[in-house]
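Each reported figure results from applying straightforward, stated rules to the coordinates on display, with no laboratory input. The model shown is predicted, which means the values in this text are computed figures rather than measured ones. Backbone-built Cβ (ideal geometry, glycine too); neighbour counts: all protein chains shown.
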Amino acid sequence: MNILAIRHTSVNVPSGVCYGHLDVGISDKFDEEAEAVRRLLPDDVGIYKAISSPSSRCTALASRLGLLFSTDSRLMELNFGAWEGKTWNSIYETKEGKEWFRDYENTICPSGESFSQLRDRVEEVINHYLKEGVKQLLIVAHGGTLRSLFLICSICETAQEAFAKDVPYGGVFYLTYPA
């Protein structure tokens, strides 16, 4: 399966704030960033089955790109639970925060989830569309979601390697899922 993975454009959130599942607004640069994404898409983008995280920062981009898309909550960003809306610095100062930063792949955020849980739910989405016979899948989602796709598609071997990859706002990635 060919996967065209797109990260949402920049958001209207102060730098250093954890926002995960929070439905935050898009930045004032949305129009120019969405146009830059559109220019990166292939001419045959219409052949892709398009799905999006239901977060408005993702659906706004999918709509602006003119995609006929459905939403799937399994594509949402990592659920940071009780940490959402707090600064990363304040999170790191807690015992739970230090544990999570040491092993984010397996440590569950308070009232949230771990990165491995995110990866599992994203893989469920991919397998669902494989069973439906989809060959070309376009996903509009989040940085954590895309990093999980890097593992699922064997672009990266470890979570640490996936998080070391640059995944900019409006980034477009061509992946292949080995079915």
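Values as computed for the structure displayed
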item	result
Antiparallel DSSP beta bridges within the chain, percent to nearest 5	35
Count, lysine Cα pairs under 21 Å in the chain, 8 or more residues apart or across chains	4
With Cα atoms, 0 to 90° folded angle of helix 30-40 axis to the chain main axis	50
Cα-based radius of gyration of the stretch 20-100 once divided by 2.2 N^0.38 Å, which approximates compact folds	1.39
For the chain, size of Cβ-based charge dipole, Lys and Arg +1, Asp and Glu -1, in debye	160
Mean separation of Cα contacts under 8 Å (6+ apart) over length of the stretch 1-97, as relative contact order %	36
Positive-pole candidate from L65, Q117, S15, dipole of the stretch 2-176, charges at beta carbon	L65
Label-zone membership for the stretch 21-59, site N2, 7 angstrom Cα→C-beta point, backbone N under 18 Å	38-51
Label-to-label distance, nm, for residues given as N12 and N89 (7 Å Cα→Cβ offset)	2.5
Acute angle (nearest 10 degrees) that the helix 143-152 long axis makes with the longest principal axis of the chain, alpha-carbon atoms	70
The chain: calculated mean residue ellipticity at 222 nm from DSSP helix runs of at least 4, using -39500 (n - 2.57)	-10500 deg cm²/dmol
Positive-end residue of L151, A162, N2, charge dipole of the stretch 2-176 with Cβ unit charges	N2
Where the Cα pairs of the chain fall when distances are cut into 10 Å bins, in %	10, 39, 37, 14, 1
Nearest-20 debye value, the stretch 1-85 charge dipole, Cβ charges on Lys, Arg, Asp, Glu	160
Environment charge of S55, counting only residues whose C-beta is closer than 13 Å and scoring Lys/Arg +1, Asp/Glu -1	-1
